[in-house]
Amino acid sequence: IICLVFVLVGCSEEKENKIIIYGDYKCPYCQKVEINIMPKLQKDYIDKGKADYQFVNMAFLGKDSIIGSRAGHAVKNIAPNKYLKFQKLMFSKQPNHENKWITHKLVDNQIDKLDLSKRKTNKIKRDYKTKNSQSWKDAQKDVKRYKDKNVKEAPTVYVNGKKLKDPYNYKEYKKYLK
């Protein structure tokens, strides 16, 4: 019982810094943040445990956007330490057009690159494709969250509750990070 209490208390600790990015895997401007900002944030804050990172997938750039959002949530829920790799892989597949491109086949190929056990890989694939699964519910929560927060454009970035004026400028992130 004592060990369980310790684990629960340890897990409830909140990070000092909170970074929230509202975006969409289909958004070329979000891809710019992924390429130019995320490696620095990951190296300086996320990987060192100095910041909590959340990507709120707005899934608003076509009907296929929600597939990516569901898959991202399935990865986050089942293999959380692989989420950032999945996000990077999804942005790396973004074509130079706005047509439908997020398909189950493309997503499955990215999931296969996460170096997970066959059981976890299959569990993720099953979850994001299953209606009313946890990943479907989480994707809907993201859509509700961006609408409730009145977020109008992607990317919109908040660092410790402060909305960044320029999400492409790393100095602005550092200004609000402790």
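The values are calculated or read from the model by the stated rules, or taken from the named source; none is laboratory data. None of the values given here were measured: they were computed from a predicted structure. Here Cβ is always computed from backbone atoms with ideal geometry, including for glycine, and neighbour counts include all displayed protein chains. SASA here: full protein model, heavy atoms, side chains in, ligands and nucleic acids out. Shrake-Rupley method; radii C 1.70, N 1.55, O 1.52, S 1.80 Å.
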- Note on the structure: To the nearest 20 debye, the chain has a Cα-centred charge dipole, built from +1 on Lys and Arg Cβ and -1 on Asp and Glu Cβ, of 220
- Got a number for carbon plus sulfur as a percent of segment 77-118's accessible area, 1.4 Å probe? 47
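On a full-extension model of 0.36 nm per residue, what is the gain between residue 123 and residue 104, subtracting their alpha-carbon distance, rounded to one decimal in nm?
Contour length minus the Cα-Cα distance gives 5.4 nm.
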- Task: Taking only protein heavy atoms into account and a 1.4 Å probe, give the accessible area per residue of segment 91-160 in Å².
- Result: 65
- Note on the structure: Given pairs 82/129; 113/163; 18/175; 48/76; 149/178 and cut-off 22 Å on Cα-Cα distance, the over-length ones are 113/163; 149/178
- Query: Quick one, which of (1) 116; (2) 137; (3) 60 is the actual volume of the Cα convex hull per residue in Å³ calculated for this model?
  - Reply: (2)
- Query: Can you give the relative contact order of the chain as a percent, counting alpha carbon pairs under 8 Å and 6+ residues apart?
  - Reply: 32
- Considering amide H positions built from the backbone, and no H for Pro or chain starts, which residues 5 or more places from residue 56, or on another chain, come under 5 Å of its amide H? 21, 22, 23
- Roughly how many Å is it from the Cα centre of segment 19-95 to that of segment 117-178, as a whole number? 7
- the chain: most fluctuating residue of 120, 149, 50 per GNM, C-alpha cutoff 10 Å: 149
